[in-house]
Amino acid sequence: MFGEDVHRRVPMAMDGVDSLNTIFMWAKAPSTFHAGESTVVDCVVIAPELYVSTVWPGVTFELWDGGFFATGTVLERFDDAWPRKVV
């Protein structure tokens, strides 16, 4: 799932957002995950205007790569990371 550069770009469906939109994720080390395993990663949305009102701890999402392959829950939101024009 995460190669040597520890980054991955993947479409995401999130509660409260109408369509799939790409996010950037990064992990602490290169790794591959199998069904039933979990991890915590940092993420950045590409289109913050679509997510500013929906990204809050507890909101769920699904990752897409030719089909939904993983589910997740937002654990934390860093408000200072949002562009000032969006917040």
Problem set entry | Close pairs from the stretch 16-45: first farther than 20 Å from residue 76 by Cβ, partner among the small types (Gly, Ala, Ser), Cβ under 6 Å, at least 6 apart | 20/13; 30/3
For this session: Please specify each residue of the stretch 28-54 satisfying the condition of being at pLDDT below 90 and under 12 Å from residue 15 (Cα atoms).
Result: 50, 51, 53
Exercise. Looking only at strands (runs of 3 or more DSSP E) that fall completely inside the chain, which ones have 2 or more residues that are in contact with a Lys or Arg (Cβ under 8 Å, 6 or more places away or on another chain) and open to solvent by 40 Å² or more (accessible area, probe 1.4 Å)?
Worked result: 21-26
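The values are calculated or read from the model by the stated rules, or taken from the named source; none is laboratory data. Fair warning: this is a prediction, and the values are worked out from it, not measured in the lab. For neighbour counting, all protein chains shown are included, and Cβ atoms are generated from backbone atoms with ideal geometry for every residue, glycine included. Side chains included, ligands, DNA and RNA excluded: accessible areas come from the protein's heavy atoms. Shrake-Rupley method; radii C 1.70, N 1.55, O 1.52, S 1.80 Å.
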